[in-house]
Each structure stands twice: as structure tokens, then as C-alpha cells.
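The values are calculated or read from the model by the stated rules, or taken from the named source; none is laboratory data. All values reported here derive from a predicted model rather than from experimental measurement. Backbone-built Cβ (ideal geometry, glycine too); neighbour counts: all protein chains shown. With ligands, DNA and RNA removed, areas are computed over all heavy atoms of the protein, side chains included. Shrake-Rupley method; radii C 1.70, N 1.55, O 1.52, S 1.80 Å.
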Protein chains: 2
Amino acid sequence: MKLLLIGYGNVGKAFRRLLHEKRDSYPILQNVEIAGMLTRQGLMVGDKENFSPDKQITVLEAIDFINPDVIVDMSAPNYKDGEPSVSAYIKALSRKIHVITVNKAPLALKFREIFEVAERTGAKIGFQGTVMSGTPSINLFRIQPVAEVSRIRGILNGTTNYILTRIYEGLSFNEALKEAKEKGYAEEDPTLDLNGFDAAAKLTILSNFIMNRSIRLGDFKFKGITEISNEEIRRAKSEGKKIKLIAYADNYIIQVSPQIIGPQDPLYYIDGVENALEIQNEIQRIIIRGPGAGPTNAAYGALTDLVLLLEGCL
Amino acid sequence: MKLLLIGYGNVGKAFRRLLHEKRDSYPILQNVEIAGMLTRQGLMVGDKENFSPDKQITVLEAIDFINPDVIVDMSAPNYKDGEPSVSAYIKALSRKIHVITVNKAPLALKFREIFEVAERTGAKIGFQGTVMSGTPSINLFRIQPVAEVSRIRGILNGTTNYILTRIYEGLSFNEALKEAKEKGYAEEDPTLDLNGFDAAAKLTILSNFIMNRSIRLGDFKFKGITEISNEEIRRAKSEGKKIKLIAYADNYIIQVSPQIIGPQDPLYYIDGVENALEIQNEIQRIIIRGPGAGPTNAAYGALTDLVLLLEGCL
């Protein structure tokens, strides 16, 4: 099974390392090979730790040139139009090349269009890495079939949850943001995390997949944490409460917004970069929590999708 | 696909009802039929709501007579030797008849023996319903492959957790037990819950499956909640703590015992009949929580196994 990796940043490097580490001990991975790696610098044919481009070609050309069985998209999200990933997925899926992605933008913008192609050809899409990194959320639904989900609710962005936690603990917003950057929990430009955009993209993907909706990022309003004052967080604390950025969807409402919640709410206890998702279906309410960030976690999400694909269970 | 149901108590009835409800809307279930139902009264051929035996035969004879594709064991556990289920599984699996079970005893007593037969013939075993009912725990591991689990820890028995919660809230042990019986959370003879046996059986199954161990119920000591005084629970409470019956296994230790835990521990917040499982692997720590009891939940666990089996993902 030939992979074409798109993007070779921290997640791409972690994925390559994990794949090499695991290939020896897990027979199911033994026939997997990285046939090419593509970055903005071009395509490198084969599998080497240090990237050096062999050809200056686009991702669409690279699909022709490598003819992979799977493309693994670990490139940074482009929320303008999801390109070049959207076109790459459509080209790949229409040829029955499977797609595994940790890149949220294509699925948050063009979920139905992409899945329609996959359904037509039978190609599979793995996207655990787009939501809660390797913590089962997308894939949790694969083992909870034939029960209608009426509501999902969660903390889906690690950066803002870390900042809110640290303000609660006494830092100012700027100190908390600075610390988050130093620890690698916030990017140099953290706008898309802080304004709720990232959480909204994840909620869009989850709702479309778990609740069978047809939502595009932009169809609903979302708020981030930038308008919360330290004072509001302290006041909530003095009342035994916390402010959390809550993503929520049921059959009528979809929203991301800061909420004041108390200790009777399981999400009250999700601090730092941890994420959590509550799923209410007709049978039960389950809650899963785990790390919501980190390149190794996201890479592990992509690797689990690869194993499920090889098992025929994506 | 022909099913033979073994046992037709609350879980069996809930399973049959769920299967009928879901068959209309989920194409994957459309070719599933209940070909026979077996209780201690005998075998009923076919699928009727009100059980009336057609033949006085044993489960081994019923397998020959019905020749099912799957046996679904919803009978009560026999912890003496796991019979007649152990013999039924071995007979079924050796003929490549799949097994789905919510009955803990056979797997807690003879896990390796049963799985060896399945591995030889390629028959599958679904057992989500044995641990945490329909809350993904066993099956969670199916979507978290190729990461070594170093530790599991959880609250796996709903009855004792309910009783501990109610004592914490002010009831006496006897009042709490009485209430648990009234609400259907404790059986008429609650010994196996109260003495830790049920949690130990679940921990045995989990450890064998998730951590690839070869443990039999009886190989390790376990304690229940019968020796805890109300006074100890109140004292823990006055120190801001709770006593919980914790199941724990790593690569060296396996135990079930009451533990005093504080609010920094995620299991502190698991109250009533809720269950939770913490899984530490080399990549991440994830925690799943959800209902740990109830016939509909257990039946849903068996139904999810059936769907995964039909998808080829057990």
C-alpha cells in the first residue's frame, strides 16, 4: 500500500516516525510504504527523513506521478477555499484512492461534496485527526452504530481551554497567551483558535458525520474567547464556576460560544489542553476525554485511520 | 444471518426489541433473523415475543438443531465453571459460528481457551456487553490500535458505585442497598457486586483483551465494599474525598479495591450507576464514561457487536 504524504511539518514528521516504529511489530502495517512526500517546495519521491524535493509539481500532478493507494493530508488548513486539498481529495477519491486527513479545512468547507465522491467510488475517508487529535471522537461513532445521536457538546479547542484555565488560575490573558505559545499550545498567529473558528470547524465536521447534517463552516455564528474579560472569569470563579468555550449541536441549534458552567457539568473538569466530547444518543450519554493537541496525538489519529482502513473498517 | 439467542431475561427482551426496531431503518440489519431462543425451559424455534418452548434440549443440541451463524449469549453468569456457555462457545467457534455475549463468566474464567478456538477458525467474539454495558470500552480498543496500553483504571461496577454515592449523600449502607434494589440497580442477591467479584470479572476481561494478558478470575485478590463503614465514607467526605471501588491493572499489578480519592482524580466525579474507564497508552490518556448498567444498555452493547460483525470489524 503506497502512501503520498502531503505536508511535512510537525505532524508529518511524527506520523512518519510512528509508522516506522510500528511497522516492525504490527504485521498489518508491513506492506505500507511512503512512496512520496509533498510540500510547498515540491515532491520528494520515496521516504527519507530529511526532505529534499525531486520535482516542482503540484499536489494534483503528484497524485498522477505517484499513483498512491492513499493520500495522507497533514498540511495546514486553508480556510479560504480548502485548496489545494479539496481538489486533491476529489481527484483521489474519484479514482478510488483513499484519503486520510488531519486537515480540518476541506471537510469543514466541503463535507458533502467530498463524501459524495467517496460514496460513489467506495473510496474511504479517515479524519480522526481533524477533531480531538487521536482521542476517539469521529471514530468513536464507528463503534456506536444504529443509535440516533440527538446532541453533542464539547470542549474542542485546546488552545483556548488552556488560556481560560490559566486565567482562572491567576494569569492575565496576555500572560496566559504568551505561556501557551511558549509551550507550543498556541500558534504564532492564534487568531483562528481565539475567535472560535477552529472549534467551529471541528463542530461542523462532527455534526455532519455524527448527526448526518449538511453544514458548512460559515453557516452558523460562533464566538471565541477574545471578548471575555479576566474580570468575568474571576467573578465566575468566586461563584464556584468556570467559563469554557463550549461547542454544541442538536437537531436545531449549532453554536460555539463561551458558557459559564458549574461543577455539576462534566466539562467543568476539563482543564488545560485536554478536550472532551459528550454524546447523547437514544440509549445513553457517553463522554470521552483526552488530549486535544500535540503533533504526536494528531499523527496517531492518522495512523489509527490507516490501520482501520487496512482492516476494512473505515 | 441466523441468530440463536441464549437467555431471554431483561437483556434478551431488550435485545430482541432493539433488533426489531432498528431492522427497518438500517439496511445492514435487514437479513438478520432470530432463528431460535433458548432458556432453561427449552428451545423455541423462530422469533416470538412470548417465549414458549418447542423442545426440551440443551444449548449444545440447540446449536446442532438451529445451526445458527451467531449465538448471542444473554444468560446469567455461572462463575463456578462458566457452563454451559463455555462449552457452547467452544462448540460454536470451532464450527466458525460467531459468538456475541453479555455474559461475563465464560470470558473471565476461560478467556484464552475460548479465543484460541476463535483464532484457529476465524470466528469472531463480540463482548462489549460484558464490560460497561453499551459504553465503549472493549470496542474502544478496536479503534485505538497499535499503541501499547500500560495501565487501565476504572469504576466498573454500577451497583457498588451507586451505594457508595448514596452513603456519601447521607444514607446508611442498608438504606442505600435497599434503594438500589428498588431501582433495579442491585439484584436480589447482590453478593457478587458487593464483594468485588463482578468488577474483578470485568477487569480480567479488559486486561486480557486490552493488555494481552492471560489472567483468570481467581488469579488475583479483590476486595469489595462490604468492609467499608459508613464512618469511613463520612470521614473521607469531611476531608474532601470519596471512597470508590477502583479496578486497576498495569503490567505488574491487577487489583480491585476501595480507594480514597480526591477531586484531582477524574474518577472522583463518577457517581451513581455511571462507570468510567481510564486508558493510558504510550501516546495518550483517554477516559470514557457512560452508563454501567441497565438491560437496554447491555442489549445495545450486543447489538453494536452484531453490526460490527456484519461490517467485518469485530
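A few comments on the model shown:
- Of the residues A:ILE63, A:ASN50, A:LEU217, the one whose Cα sits farthest towards the positive end of the charge dipole of chain A is A:LEU217 (charges of +1 on Lys and Arg Cβ, -1 on Asp and Glu Cβ, taken about the Cα centre).
- Rounded accessible area per residue of the stretch B:147-289, 1.4 Å, Å²: 43 Å²
- Loop-located GluC sites (Glu not before Pro) in the stretch A:160-234 (DSSP state other than H, G, I, E, B) with a sparse environment of at most 16 neighbouring Cβ atoms within 10 Å: A:GLU169, A:GLU187, A:GLU188, A:GLU227.
- Counts of other chain beta carbons within 10 angstrom of each beta carbon in peptide B:132-143 average 5.
- Label-reachable residues, the stretch A:252-290, where backbone N falls under 11 Å from a point 7 Å from A:ARG151's Cα toward its Cβ: A:279-281, A:285
- Using a 7 Å projection from Cα along Cα-to-Cβ, the label point at B:ASN251 is separated from the same position in the remaining copies by 4.9 nm, smallest value first.
- Within 10 Å of each Cβ in B:258-270, the average number of Cβ atoms from other chains: 1
- B from A by rotation - nearest chain A beta carbon to the axis, in Å: A:CYS313, 2
- Paired Rg and Dmax values of the protein assembly as shown, which use every Cα atom, in angstrom: 25.3, 76
- Paramagnetic label zone (point 7 Å from Cα along Cα-to-C-beta, A:SER257; backbone N under 20 Å) in the stretch A:120-163: A:151-157, A:160-161
- Taking chain A and dividing mean pair separation by its residue count, relative contact order in percent (alpha carbons under 8 Å, at least six apart): 21 percent
- Per residue, chain B reaches -11500 deg cm²/dmol at 222 nm when only DSSP H runs of four or more residues are counted, each adding -39500 (n - 2.57).
- As a fraction of the 1.4 Å probe accessible area of chain A, surface on carbon and sulfur atoms comes out at 47 percent.
- For B:ILE260, the solvent-accessible surface with a 1.4 Å probe is about 110 Å², rounded to the nearest 10.
- Extension reserve of the A:GLU239-A:LYS181 stretch, reckoned as 0.36 nm per residue once the Cα distance is removed: 17.9 nm
- Distance between modelled label sites at A:THR39 and B:ASP250, nm, 7 Å Cα→Cβ extension: 3.9 nm
- Considering only the Cα atoms of the stretch B:147-289, their convex hull presents on average a projected area of 8.4 nm².
- Note on A:LYS181: lysines with a C-alpha under 25 Å away, same-chain residues under 8 apart excluded, are A:LYS13, A:LYS80, A:LYS104, A:LYS202, A:LYS223, A:LYS237, A:LYS242, A:LYS244.
- Sorted shortest first, the separations between the B:TYR26 label point and its copies elsewhere in the assembly read 2.6 nm; each point sits 7 Å from Cα along the Cα-to-Cβ line.
- Rounded to the nearest 20 debye, the dipole magnitude of the protein assembly as shown is 100 debye, with +1 charges on Lys and Arg beta carbons, -1 on Asp and Glu beta carbons, and the Cα centre as origin.
- In nm, spacing of pseudo-spin labels at A:ASP271 and A:THR58 (7 Å Cα→C-beta vector): 5.0 nm
- In a DSSP loop and with at most 10 other Cβ atoms within 10 Å, the trypsin sites (Lys or Arg not before Pro) in the stretch A:69-156 are A:LYS80.
- The stretch B:226-306: chymotrypsin sites (Phe, Trp or Tyr not before Pro) falling in loop per DSSP and having at most 15 other Cβ within 10 Å: B:TYR252
- The eigenvalues of the Cα gyration tensor, multiplied by 5 and square-rooted, give chain A an equivalent ellipsoid with semi-axes of 34, 22, 17 Å from largest to smallest.
- Inter-copy label distances at B:GLY218, using a point 7 Å along Cα-to-Cβ, come to 6.6 nm with the shortest given first.
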